[in-house]
Amino acid sequence: MPRESTARTASAPVTQLPQTGFLRLNQIVRIPPTREVPATAGRFRRRARPGSPGILPISASTWWQGVKSGRFPKPVRLGPRTTVWRVEDILDLVAQLSANEQGSA
């Protein structure tokens, strides 16, 4: 049976995902937008960045706690500053969370 290539959560619209490949953290979890902070003495200016809805309605810190505890999939390190997750693992997680939600309802 082919794997579904869409994921749905209560707060995010349907997101098309490839069948294989990698996802970065900002594609998986909700990242709030930040506003620009002007430079002050001894500090650099922080640029504004748009937020991202992500696939799962959780924060990055909750995601990392789940990775550490084994609840969420382990990441793949592509380099010293590049961390990704396999799309297949994320699709399996979404299916598992959906099954748990339907089973408890």
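Values quoted throughout were computed directly from the atomic coordinates according to the rules given, and no laboratory measurement underlies them. Keep in mind it's a predicted model, so treat the numbers as computed, not measured. Don't worry about glycine lacking a Cβ; one is built from the backbone with ideal geometry, like all the others, and counts go over all protein chains shown.
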Which residues qualify? For Ser52, with a placed amide H closer than 5 Å and at least 5 residues away or on another chain, they are Ile31
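For Ala39 and Glu101, compute 0.36 nm times the residue count separating them, minus their Cα-Cα distance, and round to one decimal in nm.
Details: separation 62, 0.36 × 62 = 22.32 nm, distance 4.60 nm.
My answer for the length gained is 17.7 nm.
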Nearest-0.05 FRET efficiency for Asn26 and Lys74 at R0 = 22 Å, using Cβ-Cβ distance, is 0.75
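So which trypsin sites (Lys or Arg not before Pro) in segment 29-85 pass both tests, a DSSP loop state and at most 16 other Cβ atoms within 10 Å of the Cβ?
Values: sites: Arg30, Arg35, Arg43, Arg45, Arg46, Arg47, Lys68, Arg71, Arg77, Arg81; in loops: Arg30, Arg35, Arg43, Arg45, Arg47, Arg71, Arg81.
Loop-located and lightly packed - Arg35, Arg43, Arg45, Arg47, Arg71, Arg81.
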Computed D for segment 15-105, Stokes-Einstein, Kirkwood radius over alpha-carbon pairs, 25 °C, 0.890 mPa s, to the nearest µm² per second, is 163
